[in-house]
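Below is one structure, written out as C-alpha cells; the observations come after it.
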Amino acid sequence: MKKFEFSLQKMQRYKQQILDKEKALLAALQSKRDKIKAEIEDLELFLVEQSRKLQGKQMQGMSAADLAGHNFIVQNTRTRLEALHIELLNAEKEVEEQRKIVLQASQEVKSIDKLEEKKLEEYHLEASRAENEERMEMLTMKK
C-alpha cells in the first residue's frame, strides 16, 4: 500500500504560517501595552515623589517661582498620564481584536489537523483491511 499523503498539507502549512504570524503580532501588541502600563506606573510614582518634595520645600519655605515650576512639572506629568491612559485603552482594544484573530486562525489550523487525523485513521484502517485480505489470500492459496 502506498505511503500516507495528506492532500491538504500545503493548506495546513499555510494556515500554520498565518497563525504564527498572528501570534507574533499579538505578542508585539501585548508588549506595547505592557510598556504603556509601566510608563503609567513610573509617572504615578514620579507624581508621588514630587508631592513629597513639595511638602518638604513648603516646610522650609519656597519662592513663588519654585512653586510655579513645580506646578508646571506636575501639570505636564498629569497631561502625559491622561494621554497614556487613552493610549492604554487603545492598546487594550488592539490586543483584544488580535486575540480574536489568533483564536480564529487557531481554530482553522485545528480543524485541518483534525481532518488530517481522521484521514490518517482511515488510511490505517484501510491498510489493516488490505493486510488482512492479503493474509486471507495467502491462507487460501496454501490450502
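Laid out as a table, the results:
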| read-out | value |
| --- | --- |
| Failed condition for Ser128, given (1) open to solvent by 100 Å² or more (accessible area, probe 1.4 Å); (2) farther than 27 Å from Gln30 by Cα | (1) |
| Flag for Glu82 being surrounded by 12 or more Cβ atoms within 10 Å (Cβ to Cβ) and either over 30 Å from Glu116 (Cα atoms) or not hydrophobic (A, V, I, L, M, F, W, C) (or both) | no |
| Subset of the range 105-123 that is in contact (Cβ under 8 Å) with a residue 60 or more places away in the chain and out of contact with any helix residue (DSSP H, G or I) (no Cβ under 8 Å at 6 or more places or on another chain) - its residue that is most open to solvent (accessible area, probe 1.4 Å) | Lys119 |
| All positions within the range 1-31 that are farther than 18 Å from Ile101 by Cα and of a type in the set (Lys, Arg) | Lys2, Lys3, Lys10 |
| Every residue from the range 77-132 that is β-branched (Val, Ile, Thr), within 26 Å of the chain's Cα centre (by Cα) and farther than 25 Å from Leu19 by Cβ | Ile86 |
| Pick from the range 131-143, criterion among the charged types (D, E, K, R) and part of a helix (DSSP H, G or I), ranking: most open to solvent (accessible area, probe 1.4 Å) | Lys142 |
| Residue selected from the range 43-52 under the condition under 16 Å from Arg78 (Cβ atoms) and not hydrophobic (A, V, I, L, M, F, W, C), by the criterion least open to solvent (accessible area, probe 1.4 Å) | Gln50 |
| Members of the range 53-75 that are of a type in the set (A, V, I, L, M), in a helix (DSSP H, G or I) and open to solvent by less than 80 Å² (accessible area, probe 1.4 Å) | Leu54, Ala65, Leu67, Ala68, Ile73, Val74 |
| Cross-chain or 6+ apart pairs with Cβ under 7 Å, the range 55-77 first and free of Cβ contacts under 8 Å to residues at least 12 places away in the same chain, then part of a helix (DSSP H, G or I) | Asp66/Lys57 |
| Residue among Glu126, Glu82, Glu94, Glu49 that is touching a residue at least 40 places away in the same chain (Cβ under 8 Å) and under 30 Å from Arg33 (Cα atoms) | Glu94 |
| Residues satisfying the stated conditions in the range 21-58, i.e. farther than 14 Å from Glu94 by Cα, of a type in the set (Asp, Glu) and in contact with a helix residue (DSSP H, G or I) (Cβ under 9 Å, 6 or more places away or on another chain) | Glu39, Glu44 |
| Selection within the range 1-46 - aromatic (Phe, Trp, Tyr) and in contact (Cβ under 8 Å) with a residue 40 or more places away in the chain | Phe4, Phe6 |
| Whichever residue in the range 1-15 is assigned to a helix (DSSP H, G or I) and open to solvent by less than 70 Å² (accessible area, probe 1.4 Å) and, among such residues, is nearest to Leu125 (Cα to Cα) | Gln12 |
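The values are calculated or read from the model by the stated rules, or taken from the named source; none is laboratory data. The shown structure was predicted, so the numbers you read here are calculated from the model rather than taken from an experiment. Every residue, glycine as well, gets a Cβ built from its backbone with ideal geometry; the counts of neighbours run over all protein chains shown. SASA here: full protein model, heavy atoms, side chains in, ligands and nucleic acids out. Shrake-Rupley method; radii C 1.70, N 1.55, O 1.52, S 1.80 Å.
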